[in-house]
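Readers should treat all values here as calculations from the given coordinates under stated rules, not as data from a laboratory. Please read all numbers here as calculations on a predicted model, not as lab measurements. Cβ: placed from backbone, ideal geometry, glycine included. Neighbour counts: every protein chain shown.
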Amino acid sequence: MLKNRHYTIGFKKFLQFWSPGIGLALFLVSCASTPKTEIFPKSEIKGAFSLGAESLMGNSFTTQHYYKSEMEIEKKNTPKKNEVEWAEFEMHRKTVGVVDSGEIQFQKWITNKKGDAGLHEMGVPEEGETLLEVVDPTGQPLYVKSYPRESIFYLPSVSLPKTKVKPGDKWTYKGSWKGLKSGLPFNVVVRSKLKGWVDCEGQLCAHVLINGEVRLPKDFPIPAEMKGGFKGEYYFKRTNFEVLYTYVESKDSFHAPIEGLKINSKSFTCVEKKSYNFCKSVQPVK
């Protein structure tokens, strides 16, 4: 058991939380594999533009998600074991409210889920559940019905800058959350860079590179260390708050010496607009 005066966490429960769900998402260092050719043609535009979240009332958007995680687990006095989990599903999003201040209200739900990975620890609703979410103009969730504010559901799906940006500009997001099952605290840093503007679906889109890491806060309940990070990219459509394509790979290690526990993990997340077919050409999910 992982114990201190605040936590008593079963090993199996800890592993359920630990399994990298930052495909968040969140989702998330290894070299990220990307398509051999650019997904969208480069734009000749070099100026600065905003990347704020915008959407029209009633707008609908569907994405296809692919996720896979591999873990190597070593625990004192037990055989080393390997675990693999994966998921494929469709995410549906509908804009059900827009206010003058720029806040947007979404409904989100998934269909056609395959695989054994749990989705709540990625900040994603499970099949049969409808999520109500309100975000500000930078995409930061302000309200997510039925979920606590310290949960991963309150991390933004993409980190958008607060000012206009041009190719080469950088910005950083820092956040924290606690696991829904374990209550364990984690910190995340996401560094973004606008690689350039591209032409997508007849509009101007941003090609953004990201990298970062998840770390343990000082008040983590046991002596432990976490190393590694994530790296990837996404294409953001400036209208209707649409991320047309995302690919992120992560590689992390967790070591708790007193517990005799080591976990090495790697994962990838690929998300694309439903009508595209880039993700399966990048990496198999099984």
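For Ser50, which sequence-distant residues (separation of 5 or more, or a different chain) have an amide H within less than 5 Å of its own amide H, given hydrogens modelled in the peptide plane?
Correct list: Val165.
Pop a pseudo-label 7 angstrom from the Cα along the beta-carbon direction at both Ile45 and Gln203 and give the gap in nm to one decimal.
The modelled label-to-label distance comes out at 1.1 nm.
Which of the lysines could a cross-linker bridge to Lys274, judged by Cα under 25 Å and excluding same-chain residues fewer than eight apart?
Lys36, Lys42, Lys68, Lys94, Lys108, Lys113, Lys114, Lys195, Lys231, Lys237, Lys286
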